[in-house]
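Undergrad: My questions all concern the structure below.
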């Protein structure tokens, strides 16, 4: 495999956890709910997926567990913010703090366990085509799943009636409620979907990308996913673009030193975080970009009696 | 009977006080069930977690050692939170304050003088403020979300410190360990209670609590920030300067966190290490909420949170539980608090048909 293919593959790999988490958060936010607990949900998804995969020997069982664990975390958030009307910012922070602690607790026995990871699909003949072969026909199954989910989310948001309803609830929950739509129930589903996707992102990290369990291994990816949703101005296509851009920045640090450029490793590790701040500044510079694109009711509690 | 949640006409002051207590009680109950679930005797676990760490003078001193940074940071954060300025970068501001203040200590290595410690504290505060000024500037100038920026900077600050202790500031006689020289005597906070590690930083925290109270209750800008937090539209209509509030909220939080970081390295730690805080910057967010964003409440909440830290360490030694259990219970405590806060603005009652309060209502199918 030549260097170019290797770099593109590594970029896709580093971007995929962000794709899952950010697409999930996109749906959550489109319904008008801001869940800052992505980091916590990813970590719990990662550790539960890893633990089950290590104990059962089945990667796929691990992936399913991670999805369920992410959704379970999201359910806690949903109960707090949608049923108990709690502040969404505070509840999301609580979810992340809780997730960091819980994942460290669950993962204690698994820190030195090694997994085999997931084999690429490798479609015969086609994957042997130079350059495009491995990139199109030799990826791991979860990456193909991420492409499929991207398609599904895009179709759902812009081509389905349910997606229109979801966006409507994000823009004007009172109107949707007045027409008779179950605002709270639909928001529950959107939050749960976001959690399941964050769990899937965590699973990709722990089961495919590394594959290891290390405490706080997400290293801020949940927060970067949140920033990506803003960066994308709530559009799935730009979420993908942003995720791979960040994947590229993440793996840049491994290649810069290989090129013989002598920079402290800490400086290179800062790049994804600095890049996040940079793109956030770029996109928010014009206040109207955010105001026009953000779901109008984002972050606000909704109670049917209001 | 159907249960209905309906808004109160007025927020309940009583529930405002009761809900933190309710949250603490529910967290304790959860801890009991959790330890029973793990096959332990809940009473033993309770003792190991909450009694054993503080049953002697040294333990009480440790309670203060950990409560001091939490209270200091939380008082600063609460001022921002009151006006909906969400600074969640206290961990980074703490780290950067420790870095700048510790830098002064290393620069003044083997010097003596009463000026060194005040200079370090000032440097710590300025370091924290400098770090907090980044999200403040980006928010006021470019409208950039301060939550995400301040959070990202936590990682950047940690990497800055890591670079320095691995490189330029590494102890030349330290056998290549990533740590700085030990601070000299005049760069260390004095211990204020004999036979404990309780240091002068605890006094600084108490002063901060007092100042926080004055700021919130007596200053005009504190009042403006309160109004902005409760009713943004009203604050804008009154012509309150929103940008100034954002700067104030972030800078005060940054200064407090920076001083807390300096007190850690000039107190219990005594040098710069790759990590100078066991997550105080995040735990202080919980402290601020559990303390109802009120300085006195924060003081009490910081003692409770400190006990959770000590309990986690003690449970690790006595019960073989991982110290990560502390993080779990921190999160659980905040969950319960946020849920209990529902009863400040809402009340639960059995629904009566058409809202009529008929004493004899027909039996309704529960749904």
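Undergrad: Can you spot a residue in the range A:284-296 that is within 30 Å of residue A:173 (Cβ to Cβ), without any contact (Cβ under 8 Å) to a residue 40 or more places away in the chain, at the interface with another protein chain (Cβ under 7 Å from one of its Cβ atoms) and surrounded by 12 or more Cβ atoms within 10 Å (Cβ to Cβ)? First the steps, then the outcome.
TA: The first filter runs over the range A:284-296 and keeps only residues within 30 Å of residue A:173 (Cβ to Cβ), leaving A:284-296.
Those left that are additionally without any contact (Cβ under 8 Å) to a residue 40 or more places away in the chain: A:285-288, A:291-292.
With at the interface with another protein chain (Cβ under 7 Å from one of its Cβ atoms) added as a condition, the list becomes A:285, A:287.
If we keep only those that are surrounded by 12 or more Cβ atoms within 10 Å (Cβ to Cβ) too, we end up with A:285.
Among the residues of the range A:284-296, at least one is within 30 Å of residue A:173 (Cβ to Cβ), without any contact (Cβ under 8 Å) to a residue 40 or more places away in the chain, at the interface with another protein chain (Cβ under 7 Å from one of its Cβ atoms) and surrounded by 12 or more Cβ atoms within 10 Å (Cβ to Cβ), which makes the answer yes.
Undergrad: Now, a different point. If residue B:286 satisfies all but one of (1) more than 14 Å from every other protein chain (Cβ to nearest Cβ); (2) within 16 Å of the chain's Cα centre (by Cα); (3) surrounded by 23 or more Cβ atoms within 10 Å (Cβ to Cβ); (4) more than 30 Å from residue B:105 (Cα to Cα), what's the number of the condition it fails?
TA: (1)
Undergrad: Here is a further query. Where in the range A:156-230 are there helices (runs of 4 or more DSSP H), lying fully within it, with 2 or more residues that are surrounded by 24 or more Cβ atoms within 10 Å (Cβ to Cβ)? Walk me through it before giving the result.
TA: Values: elements: A:161-171, A:173-179, A:183-203.
Ranges flagged: A:161-171, A:183-203.
Undergrad: Considering each residue of the range B:6-21, count those that are in a helix (DSSP H, G or I), surrounded by fewer than 17 Cβ atoms within 10 Å (Cβ to Cβ) and over 20 Å from the mean Cα position of the chain (by Cα), and give that number. Steps first, please.
TA: Step one: list which residues in the range B:6-21 are in a helix (DSSP H, G or I), which gives B:13-21.
Okay, now just the ones that are also surrounded by fewer than 17 Cβ atoms within 10 Å (Cβ to Cβ), so B:13-14, B:16-18, B:21.
Of the ones still in play, those that are also over 20 Å from the mean Cα position of the chain (by Cα) are B:13-14, B:18.
Counting residues in the range B:6-21 that are in a helix (DSSP H, G or I), surrounded by fewer than 17 Cβ atoms within 10 Å (Cβ to Cβ) and over 20 Å from the mean Cα position of the chain (by Cα) gives 3.
Undergrad: Would it be correct to say that residue B:154 is surrounded by fewer than 17 Cβ atoms within 10 Å (Cβ to Cβ) and either more than 20 Å from residue B:278 (Cα to Cα) or within 14 Å of another protein chain (Cβ to nearest Cβ) (or both)?
TA: Spelling it out, it is not the case that residue B:154 is surrounded by fewer than 17 Cβ atoms within 10 Å (Cβ to Cβ) and either more than 20 Å from residue B:278 (Cα to Cα) or within 14 Å of another protein chain (Cβ to nearest Cβ) (or both).
Undergrad: Here's something else I'd like to know. Just to verify a result, which residue in the range B:86-143, among those that are in a loop (DSSP other than H, G, I, E, B) and more than 14 Å from chain A (Cβ to nearest Cβ), is modelled with the lowest pLDDT?
TA: So the residue we want is B:110.
Undergrad: While we're here: How many residues does the range A:93-124 contain that are over 18 Å from residue A:49 (Cα atoms), more than 7 Å from chain B (Cβ to nearest Cβ) and assigned to a helix (DSSP H, G or I)? Give the steps one after another, and end with the answer.
TA: As a first pass, look at the range A:93-124 and keep what is over 18 Å from residue A:49 (Cα atoms): A:93-95, A:97, A:120-124.
Within this subset, residues satisfying the condition of being more than 7 Å from chain B (Cβ to nearest Cβ) are A:95, A:120-124.
Within this subset, residues satisfying the condition of being assigned to a helix (DSSP H, G or I) are A:95.
Going through the range A:93-124 one residue at a time, the tally reaches 1.
Undergrad: Looking only at the range A:43-51, decide whether some residue is touching a helix residue (DSSP H, G or I) at 6+ places or on another chain (Cβ under 6 Å), closer than 22 Å to residue A:185 by Cβ and within 14 Å of another protein chain (Cβ to nearest Cβ).
TA: If we filter the range A:43-51 for residues that are touching a helix residue (DSSP H, G or I) at 6+ places or on another chain (Cβ under 6 Å), which is where we start, we get A:43-51.
With closer than 22 Å to residue A:185 by Cβ added as a condition, the list becomes none.
No, the range A:43-51 contains no residue that is touching a helix residue (DSSP H, G or I) at 6+ places or on another chain (Cβ under 6 Å), closer than 22 Å to residue A:185 by Cβ and within 14 Å of another protein chain (Cβ to nearest Cβ).
Undergrad: What do you reckon, is residue B:27 under 30 Å from residue B:273 (Cα atoms) and either assigned to a helix (DSSP H, G or I) or more than 19 Å from the chain's Cα centre (by Cα) (or both)?
TA: No.
Undergrad: Please find, within the range B:45-85, the residue that is surrounded by the most Cβ atoms within 10 Å (Cβ to Cβ) out of those that are within 10 Å of the chain's Cα centre (by Cα) and within 14 Å of another protein chain (Cβ to nearest Cβ).
TA: B:74
Undergrad: Does residue A:259 meet the test of being more than 14 Å from every other protein chain (Cβ to nearest Cβ) and closer than 23 Å to residue A:120 by Cβ?
TA: Numbers: more than 14 Å from every other protein chain (Cβ to nearest Cβ): yes; closer than 23 Å to residue A:120 by Cβ: no.
Judged against the criteria, residue A:259 is not a match.
Undergrad: On the given criteria, is residue B:32 within 20 Å of residue B:336 (Cα to Cα), out of contact with any strand residue (DSSP E or B) (no Cβ under 6 Å at 6 or more places or on another chain) and surrounded by 17 or more Cβ atoms within 10 Å (Cβ to Cβ)? Let's see the steps before the verdict.
TA: Values: within 20 Å of residue B:336 (Cα to Cα): yes; out of contact with any strand residue (DSSP E or B) (no Cβ under 6 Å at 6 or more places or on another chain): yes; surrounded by 17 or more Cβ atoms within 10 Å (Cβ to Cβ): no.
When the stated conditions are applied, residue B:32 does not pass them.
Undergrad: Away from every other protein chain (no Cβ under 14 Å), part of a helix (DSSP H, G or I) and more than 29 Å from residue B:236 (Cβ to Cβ): does that describe residue B:174? Reasoning before the result, please.
TA: On the way: away from every other protein chain (no Cβ under 14 Å): yes; part of a helix (DSSP H, G or I): no; more than 29 Å from residue B:236 (Cβ to Cβ): yes.
No; evaluated as a whole, the condition is false for this residue.
Undergrad: Assess whether residue B:149 counts as being assigned to a loop (DSSP other than H, G, I, E, B) and within 14 Å of chain A (Cβ to nearest Cβ). Don't jump to the end; show me each part of the working.
TA: Working: assigned to a loop (DSSP other than H, G, I, E, B): no; within 14 Å of chain A (Cβ to nearest Cβ): yes.
Spelling it out, it is not the case that residue B:149 is assigned to a loop (DSSP other than H, G, I, E, B) and within 14 Å of chain A (Cβ to nearest Cβ).
Residues are listed down the side, and each one gets a yes or a no for (1) within 11 Å of another protein chain (Cβ to nearest Cβ); (2) within 25 Å of residue B:289 (Cβ to Cβ); (3) modelled with pLDDT under 85; (4) surrounded by 12 or more Cβ atoms within 10 Å (Cβ to Cβ):
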residue	(1), (2), (3), (4)
B:320	yes, no, yes, no
B:327	yes, yes, yes, yes
B:354	no, no, yes, no
B:360	no, no, yes, no
B:366	no, no, yes, no
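Undergrad: In addition: Just the residues that are under 21 Å from residue B:61 (Cβ atoms) and part of a loop (DSSP other than H, G, I, E, B), please, taken from the range B:183-216.
TA: B:183, B:188, B:189, B:190, B:192, B:193, B:194, B:195, B:196, B:197, B:198, B:200
Undergrad: Name every residue in the range A:52-80 that is within 14 Å of chain B (Cβ to nearest Cβ) and under 20 Å from residue A:21 (Cα atoms), in order of residue number.
TA: Step one: list which residues in the range A:52-80 are within 14 Å of chain B (Cβ to nearest Cβ), which gives A:72-80.
Within the range A:52-80, A:72, A:73, A:74, A:75, A:76, A:77, A:78 qualify.
Undergrad: Given B:191, B:207, which one is surrounded by fewer than 23 Cβ atoms within 10 Å (Cβ to Cβ), within 30 Å of residue B:54 (Cβ to Cβ) and touching a strand residue (DSSP E or B) at 6+ places or on another chain (Cβ under 6 Å)? Don't jump to the end; show me each part of the working.
TA: Details: B:207 fails: touching a strand residue (DSSP E or B) at 6+ places or on another chain (Cβ under 6 Å).
Unique residue meeting the criteria: B:191.
The values are calculated or read from the model by the stated rules, or taken from the named source; none is laboratory data. Being a predicted model, the structure only gives us computed values, none of them experimental. A quick note on method: Cβ atoms are made from the backbone with ideal geometry, for glycine too, and the neighbour counts reach across all protein chains shown.
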